[in-house]
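Readers should treat all values here as calculations from the given coordinates under stated rules, not as data from a laboratory. Bear in mind the structure is a predicted one, so any value in this text is a computation, not a measurement. Cβ coordinates were reconstructed from backbone atoms using ideal geometry, including for glycine residues, and neighbour counts include every protein chain displayed.
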Amino acid sequence: MMRNLRAAIEDWDEVCSALGAWEARNLTSDDPGPAKEQHRAWVTELVSWGQLMRGVTEHSGFPDRALAARVNARLRHLHDKLALWHGDMTTEEEARILRAAFA
């Protein structure tokens, strides 16, 4: 079972990683159109899966603390993405973060 869980976490993490390139292509224009709502839906779903995996990896009997830490780090990253792309931020703050992220 551990091998299957590790594979599921790897797959989830790979999808999360690929999201950055998609964001650069689809969300950095002045009018991202429907891509922004698609992004919110994807990130929300990835957060839900991550919370499920965190529940398993945080169990006291879970043997791989490094994998548990990786799940937690990726969840923080996904929450940051929601705040960046969908949170209440001034235009200046958003532009500064985008310049730093994609420079």
(Q) Given contacts defined as C-alpha pairs under 8 Å and at least six residues apart, what's the relative contact order of the chain, whole-number percent? (A) 29 percent
Q | In degrees, nearest ten, helix 91-102 long axis to first principal axis of the chain (Cα) | A | 60 degrees
Q | Charge dipole of the stretch 2-102 about the Cα centre (unit charges at C-beta), most positive-ward option of Q38, A95, N72 | A | N72
**Q.** Helix axis angle, 65-86 relative to the chain longest principal axis, alpha carbon, degrees
**A.** 20 degrees
Q) Which option, [x] 13, 36, 26, 17, 7, 1; [y] 11, 16, 13, 11, 10, 9, 8, 7, 6, 5, 4, 0; [z] 13, 43, 27, 14, 3, is the value of P(r) over Cα pairs in 10 Å bins from 0, in percent that was calculated from these coordinates? A) [z]
Q | Under 5 Å, built H, 5+ apart or other chain: amide partners of D64 | A | none
Q | Nearest-0.05 FRET efficiency for S60 and A24, computed from C-beta distance (R0 35 Å) | A | 0.30
**Q.** In degrees, nearest ten, helix 2-26 long axis to first principal axis of the chain (Cα)
**A.** 0 degrees
Q: Could you give the size of the charge dipole of the chain about its Cα centre, using +1 on the Cβ of each K and R and -1 on the Cβ of each D and E, expressed in debye and rounded to the nearest 20?
A: 420 debye
Q: Determine, from the Cβ-Cβ distance of M1 and S48 and an R0 of 22 Å, the FRET efficiency 1/(1 + (r/R0)^6), rounded to the nearest 0.05.
A: 0.55
